[in-house]
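K.L.:
Below you'll find the structure I mean.
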Amino acid sequence: MPVLNDTAVFATIASNDVKAAFKNGSPVHKEHLRAGTKLYKWTQYQLVGPKGITPWWSLLNDTTLQSGDTVPGFDAVQKRIGGGFQNARDYARARNAVTLQWNQLTKPLVVELTQDVYAFVGITAHQRRDRDDPQVFLIGGDYQVWLPGLTIQHVRQISALPYVRPAGI
């Protein structure tokens, strides 16, 4: 059975917008993510929308990449910012550089891979906070996962609890 993105080459398949979402225009690594890997994001959307499943995610658990770099998971991020939904959403907007027009980040969405896949993992580039305001930028700087071609055969949605929860719960 072929593994999603096994033969994909970032420079060939990524649009200019996708390239611009990564620091220096390119992900750091192409990673083999195993079935059972959990991904999350803050979003206003359902898992499957009119354009299918979004390719943009974060790793839920601390993950050591093949290079030896460690990507902090959601718990590490929560500890860094002090916990709570509002703080986590604000942090996600700034560090994942999610422009206001792209997404309102109203809820956490968590999925588990049901198959092995290859994904492109790298540092988020800065973006405008509002696409119409060239004065204010979101810093970016966290790791992001770009997983093009993702379908419902590759993931199953799982409960955000107990992974993502407001402070005090």
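Taken together, the values in this text are just the output of simple stated rules run on the coordinates, not laboratory data. The model shown is predicted, which means the values in this text are computed figures rather than measured ones. For neighbour counting, all protein chains shown are included, and Cβ atoms are generated from backbone atoms with ideal geometry for every residue, glycine included.
K.L.:
Among 138-150, 67-79, how do they line up from the highest to the lowest mean number of other beta-carbon atoms within 10 Å? Present the calculation step by step, with values, prior to reporting the outcome.
P.N.:
On the way: 138-150: 19.7, 67-79: 14.6.
Answer by packing, highest mean first, reads 138-150, 67-79.
K.L.:
Here is a follow-up. Count the net charge of all other residues whose Cβ sits under 14 Å from the Cβ of Gln144, scoring Lys and Arg as +1 and Asp and Glu as -1.
P.N.:
Charge balance near Gln144 sits at +2.
K.L.:
Please give the contour-minus-distance gain from Glu112 to Ser15: 0.36 nm per residue of separation, less the Cα-Cα distance, rounded to one decimal in nm. Let's see the in-between values first.
P.N.:
Numbers: separation 97, 0.36 × 97 = 34.92 nm, distance 2.61 nm.
In short, 32.3 nm is gained.
K.L.:
For the stretch 1-51 and the stretch 146-164, what is the separation of their C-alpha centers, rounded to whole Å?
P.N.:
Cα centroid of the stretch 1-51 versus Cα centroid of the stretch 146-164: 12 Å apart.
K.L.:
Output the peptides 118-127, 39-48 sorted from most to least packed, where packing is the average of other Cβ atoms within 10 Å over each peptide's residues.
P.N.:
Values: 118-127: 20.2, 39-48: 17.5.
Packing order, densest peptide first, comes out as 118-127, 39-48.
K.L.:
For the chain, give the magnitude of the charge dipole about the Cα centre (Cβ charges: +1 Lys/Arg, -1 Asp/Glu; no others), in debye to the nearest 20. Display every interim value, and only then the final one.
P.N.:
Details: 18 positive and 13 negative charges, 63 e Å.
It works out to roughly 300 debye.
K.L.:
Order 23-31, 93-101 from most to least packed using the mean count of other Cβ atoms within 10 Å.
P.N.:
On the way: 23-31: 16.8, 93-101: 19.1.
The peptides rank, most packed first, as 93-101, 23-31.
K.L.:
Report the label-to-label distance for Arg128 and Asp69 in nanometres (one decimal), using points 7 Å from each Cα along the Cα→Cβ vector.
P.N.:
Once both label points are built, they end up 2.7 nm from each other.
K.L.:
Still on this structure: For the charge dipole of the stretch 10-158, defined by +1 on Lys and Arg C-beta atoms and -1 on Asp and Glu C-beta atoms about the Cα centroid, which residue among Ala94, Trp146, Gln104 has the Cα displaced farthest towards the positive pole?
P.N.:
Looking along the dipole axis, the top candidate is Gln104.
K.L.:
Starting from the Cα of Phe137, step 7 Å toward the Cβ, then list every residue of the stretch 2-34 with an amide N under 20 Å from that point.
P.N.:
Answer for this model: 16-28.
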